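The values are calculated or read from the model by the stated rules, or taken from the named source; none is laboratory data. All figures in this text were calculated on a predicted structure; none of them were measured in a lab. Every residue, glycine among them, receives a Cβ derived from its backbone with ideal geometry; neighbour counts consider all protein chains shown. Side chains included, ligands, DNA and RNA excluded: accessible areas come from the protein's heavy atoms. Shrake-Rupley method; radii C 1.70, N 1.55, O 1.52, S 1.80 Å.
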Amino acid sequence: MDRIRIVGGNRLNGIIPISGAKNAALPLMIASLLTDGTLTLENLPRLADVSLLVRILGNHGVDYTIEGKRAGDSLETGQTVHLAARQIVDTTAPYDLVSRMRASFWVLAPLVARMGVAKVSLPGGCAIGTRPVDLLIMAMERLGAQIDIENGYAVARAPKGLKGAEIAFPKVTVGGTHTALMAASLANGTTVIHNAAREPEIVDLAECLGKMGARIRGAGTSVIEIDGVPRLGGARHAVLPDRIETGTYAMAVAMTGGDVLLQGARADLLEAALETVRQTGASVTETNEGLRVYRNGAGIAPVDVTTAPFPGFPTDLQAQLMALVTRAEGTSRITETIFENRFMHVSELSRFGAHIRLDGDSAIIEGVKTLKGAPVMATDLRASVSLVIAALAAEGETMVNRVYHLDRGFERLESKLSRCGAEIERIVAAG
Ligand code: EPZ
């Protein structure tokens with residue numbers, strides 16, 4: 001297994017291009033199942049999760065082609081790909097694929113909407129919590145699907161098609177909202193989603209569905225209305241920039257000091273997180289090209305932050321923020337309200353010499369003057385990258401193990417950071 005070796009202490013200076021958002025790319029790719037037309041996605045990031053989803057969709061009959069390179073293209077430019085599900089050849093998503101990436105459960109909605117039947121493995125738990133899918137199933141049932149749980153699979157049937165309905169989510173769910181949006185787009189009649197997730201990735205999916213012919217109003221607010229249409233067509237859509245990658249590198253610069261342009265980043269996608277980065281003492285300004293993050297030699301100020309659905313502080317940046325404030329001048333508190341078990345990074349950060357105590361759903365972080373490099377590993381991708389942030393500022397060498405977590409969600413991480421002056425390299429496993 002590959003590892004990443006980091007020697008801390010260098011400031012970051014330069015340009016980091018921000019890739020297309022993983023968490024928008026995945027539902028957009030899944031939306032290709034809704035039509036026999038061709039969905040062309042621009043700015044698709046090169047990530048392990050994207051490759052895995054290509055395999056999963058291929059199993060259902062989606063043809064995937066990468067558009068040839070054009071003059072001026074580089075690794076910095078995302079890929080343009082074509083997805084075409086002319087025929088659905090298999091409506092089953094097997095356990096061995098779904099268990100490797102939870103978001104693949106979302107294929108349930110377009111398969112039932114288009115084919116009237118789907119059999120999708122339940123994804124099971126994962127490193128950040130139990131992560132049930134009851135609300136996704138509830139949404140499909142509200143739309144008229146009959147769902148049975150058989151041998152670890154959700155078997156959904158709607159032989160006469162789906163029917164528009166009122167769906168009220170008791171808690172905000174991104175996957176539930178993606179599911180309801182995709183299914184309702186091909187349902188007969190009008191659907192109203194109450195307490196919908198407002199994440200930018202929801203808006204991106206709704207915009208793409210709109211280009212495919214769906215009739216959606218209110219995406220980005222907590223009430224979304226969808227008038228179902230009998231069929232959707234192909235479309236061309238560019239994946240929005242990754243707000244979690246943006247916030248991660250902003251926190252890395254706030255940690256090391258320096259001056260970095262996050263090229264292509266959009267401040268409106270992560271205002272709450274940027275405000276927190278400013279509170280720690282870094283300056284963040286918008287430029288024509290993206291976001292400039294800057295911190296001089298001044299210390300890091302502590303923060304008190306609670307994760308919340310958008311527009312609140314994202315759970316997907318909680319671990320990175322915790323790494324940053326391990327070196328704050330004072331005590332910080334970070335409260336996690338989205339996932340019950342998303343503190344796996346605490347014990348690994350402690351290996352750098354961080355002082356962190358857990359108190360229910362809060363972590364109390366007493367800042368220390370210096371961190372010291374250590375061998376570390378993590379069990380999910382945001383936790384893994386928090387270890388990279390700590391390592392960039394730690395004295396001496398850190399070896400980050402289980403790098404495949406990073407490859408799931410961060411495109412060319414070591415090259416983006418080393419170009420800005422970090423001492424970071426991938427050690428490729430032999431064989
Ligand atoms: C999405 O997961 C993201 N994944 C997650 O990013 C992100 O952390 C999460 O939204 C919250 O922002 C993708 O977009 C691929 P939820 P999702 O449904 O949709 C509970 C990353 O690192 N819930 O919004 O699975 C759930 O347990 C990943 O990129 C139910 O109770 O999250 C959680 O407490 C990790 N029943 C809350 O709702 C359900 O049926 C929010 O989860 C569904 C969810």
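Here are some notes:
- Compactness of the chain as Cα Rg over 2.2 N^0.38 Å, two decimals: 0.98
- Charge dipole (the chain, unit charges on Cβ, about Cα centre) - positive-most of 379, 112, 362: 112
- Evaluating kT/(6 pi eta Rh) at 10 °C and 1.306 mPa s, with the Kirkwood radius of the range 338-385 over Cα pairs in the Stokes-Einstein relation, gives 137 µm² s⁻¹.
- Per-residue surface analysis assigns residue 192 an accessible area of about 20 Å², computed on protein heavy atoms at 1.4 Å probe radius.
- Dipole axis of the chain (+1 Lys, Arg; -1 Asp, Glu on Cβ), positive-most option in 7, 79, 352: 79
- Selection among 264, 27, 56 by position relative to the dipole of the chain gives 56 as farthest towards the positive end (Cβ unit charges, Cα centre).
- Set of the range 372-413 residues, backbone N closer than 20 Å to the point 7 Å along the Cα-Cβ line of residue 430: 399-403
- Student exercise, the chain dipole from Lys, Arg, Asp, Glu Cβ charges, in Debye to nearest 20: 420 debye
- Spin-label proximity, residue 268 to the range 240-255 - amide N less than 18 Å from point 7 Å beyond Cα toward beta carbon: 240-244, 246-247
- Cβ-derived FRET efficiency at R0 22 Å, residue 306 paired with residue 358, nearest 0.05: 0.90
- Approximate spin-label separation residue 296-residue 399, in nm, with each point projected 7 Å along Cα-to-Cβ: 4.0 nm
- Surface per residue (accessible, 1.4 Å probe) for the range 22-232, Å²: 39 Å²
- HN-Hα J in Hz across the range 130-140 - Karplus 6.51, -1.76, 1.60, θ = phi - 60°, x for Gly and Pro: 6, 6, x, 10, 4, 6, 5, 5, 4, 4, 5
- Whole-Hz Karplus values for the range 246-251 come out as 4, x, 4, 6, 4, 6 Hz, taken residue by residue from phi with 6.51 cos²θ - 1.76 cosθ + 1.60 and θ = phi - 60°; glycine and proline positions read x.
- Amide hydrogen neighbours beyond the local backbone of residue 173, cut-off 5 Å, H modeled: 197
- Element breakdown for the chain at a 1.4 angstrom probe: carbon and sulfur atoms account for 49% of the accessible area.
- Extension gain for residue 333 to residue 225 (0.36 nm times residue separation, less C-alpha to C-alpha distance): 35.1 nm.
- Under 5 Å, built H, 5+ apart or other chain: amide partners of residue 10: 423
- Viscosity 1.306 mPa s, 10 °C: Kirkwood-radius Stokes-Einstein D of the range 22-232 over Cα pairs, µm²/s: 93 µm²/s
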